[in-house]
Amino acid sequence: MAKRPKPLTPHDVVANITALRAERGPLKLKEQTFARSPSPEQRRHLAGGNGGPALEDPVALKPGAALVLRTGELLFGDRHTTDLARTCAEDPRAVRRWAAGEGSGPGPGATLLLRREVERRIAKLREALEEIDYFRELRGWPVPPAPPPPPAPEVILAPGVSQEDAAWFIDQFARGDGGRPTPIRVILSAKRPPKGRRWAAEVILFDWSRQTIDCDRGADLGGGAVGFAAATVERPEPRIMWDDATGCWVRKPDWTDEYTRLRERQGATAQEGQV
């Protein structure tokens, strides 16, 4: 590029600029991007909503971790990490790892210690209830009544079963059980013919076995004792008993062996009589 003379007048300056543009060609400007901040409405829908942090996926906890953490919250409140760790003989960092889904989760020792703490708290709370009731009695304030016992299981009636007939069999059966909850769960049929000597009901017991309840009213139609139908080899009489320790019915082996021995003794007695 030849050196141009120094411009002396404004016309010389314009001439130099025109010559320079002609030599270099059109001016190429570098493209630039200008960032624009989002509006408040756009920010509201970004990230986790309402401008908050991005929502993370739910943490997959190890087996037993959710149960232990929930129990710890019930015992010690929202800030239960340290107390829960002390109860389970663990480091607080281990409890935080359980909450984050890390590690192997609580072991058998931690759950055993936590169970003992729950039992201890329950005993203390019962003592506190008794002291509160005693204090209210001293003050002459009314003491709330004890909670009612758990209701007896509801008996389901099959379609077409009379409620009166079903109630009669349930009441009669309960009288022989000393007022305990009925072991009957479903009544499939209940027949009480007005002039019939034998009344019967097909029922399903607590263990979902199908049985027949029979009532022999006697020749004068005045009897009302009910029980399971006469046992046979095909349908042995069930042996159900009330367990006071657990407060529920239990099923024992049927009376099959006793029935068989009874029939054998009756047969042997008849043969001896014939001899």
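Coordinate-derived values only; no laboratory data. Quick caveat, the model's predicted, so the values are computed rather than measured. Cβ coordinates were reconstructed from backbone atoms using ideal geometry, including for glycine residues, and neighbour counts include every protein chain displayed.
What FRET efficiency comes out for Arg175 versus Arg126 if R0 is 30 angstrom and r is the Cβ-Cβ distance? Round to the nearest 0.05.
0.30
Can you compute the modelled spin-label distance between Trp141 and Leu188, with each label point 7 Å from Cα toward Cβ, in nm?
Between Trp141 and Leu188, the simple spin-label model gives 5.6 nm.
For Asp12 and Lys252 in one chain, what is 0.36 nm times their gap in residues minus the Cα-Cα distance, to one decimal in nm?
Computed gain between Asp12 and Lys252 is 74.1 nm.
Could I have the simple spin-label model distance between Ala229 and Asp243, label points 7 Å from Cα toward Cβ, reported in nm to one decimal?
2.9 nm
Report the rotationally averaged projected area of region 65-139 based on its alpha-carbon convex hull, in square nanometres.
5.4 nm²
Students often check this: by mean Cβ neighbours within 10 Å, which of 74-83, 185-194 ranks highest, and how do the rest follow?
185-194, 74-83
Among 128-136, 200-208, how do they line up by average Cβ neighbours within 10 Å per residue, starting with the highest?
In descending order of packing, they fall as 200-208, 128-136.
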